[in-house]
1. Once you charge only the Cβ atoms, +1 for Lys and Arg and -1 for Asp and Glu, what is the size of the charge dipole of the range 120-161 about its Cα centre, to the nearest 20 debye?
2. If the cut-off is 19 Å between C-alpha atoms, which lysines fall inside it for Lys54, apart from same-chain ones fewer than 8 positions away?
3. Describe numerically, in nm with one decimal, the distance between label points set 7 Å from Cα along Cα→Cβ at Gln71 and at Val7.
4. How high is the relative contact order of the range 52-152, in percent, counting Cα pairs under 8 Å that sit 6 or more residues apart?
5. Determine the share of the chain's accessible area contributed by carbon and sulfur atoms, expressed in whole percent, with a 1.4 angstrom probe.
6. From Cα pairs below 8 angstrom and at least 6 apart in sequence, can you work out the relative contact order of the chain, rounded to a whole percent?
7. When only Cα pairs under 8 Å and 6 or more residues apart are kept, what is the percent relative contact order across the range 57-105?
8. Could you provide, to the nearest whole Å², the per residue accessible area of the chain with probe 1.4 Å?
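The values are calculated or read from the model by the stated rules, or taken from the named source; none is laboratory data. Just so we're clear, the structure is a prediction, and the values are computed from it rather than from any experiment. Reconstructed Cβ throughout: ideal geometry from the backbone, glycine too, with neighbour counts over all protein chains shown. What goes into the accessible areas is simple: the full protein's heavy atoms, side chains included, and nothing from ligands, DNA or RNA. Shrake-Rupley method; radii C 1.70, N 1.55, O 1.52, S 1.80 Å.
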Amino acid sequence: GDSLIIVSKDRKMGALDLQGRPVVPLKYSRLDFTMGRVGSRIEYAAASEVWPGKDQWGLIDRRGTLILPFQFEYVEAILPDLLVARAYRASVLQFFDARGKPLFTQIGKSARRGFDEQSVEIVQSRQRSFFINKTGQALLEGRFPDLTWTDGRLLVCGPRDKRGLLKTNGDTILSCQYRNISAFGDGNFLVE
């Protein structure tokens, strides 16, 4: 669904356009064009250069321009205008704008797109995450204990092994008595 083809030669990776012209030079040990989609167009790629002992990840745009330097364990383009990276063995996520300018930091293991274009989910552990806006301010946090899922209108929260389904205004749909509640994209939920 995009106009780039990842190629490899002599254990180096790069990208060509559909006419076979080089877009990203063959110089990376790993290249992953899966991030920062605008429609079907992918805007960013995680790129790796091998250093003694470990890969160093950076973020390039679709023209091969380096946006985030090769010094991270984890990089991601959450939205086309919001990038995130985490240094090796760090517990702090660093957020950047589309040009690589630092914006704010947040404690977490990883981050992903939230429930809309203005929200980000910060993953702290397998069972714990929370939501922020694109400026780093907490969304819904504090009002709902152990929030694990939301679409901006409904949310699943509650202490471990006591999940409930609530509206963001606080109305209870399912009380906090269930082991797990999993949301499907079609408005249905699996309740255990």
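1. Rounded to the nearest 20 debye, it is 40 debye.
2. Within reach: Lys12, Lys27, Lys109.
3. Using points 7 Å along Cα→Cβ, the separation is 3.3 nm.
4. Numbers: 198 pairs, mean separation 14.7, N = 101.
Result for the range 52-152 is 15 percent.
5. 49 percent
6. With pairs under 8 Å counted, the relative contact order is 8 percent.
7. Over the range 57-105, the number comes to 25 percent.
8. Numbers: 10930 Å² over 192 residues.
That works out to 57 Å² for each residue.
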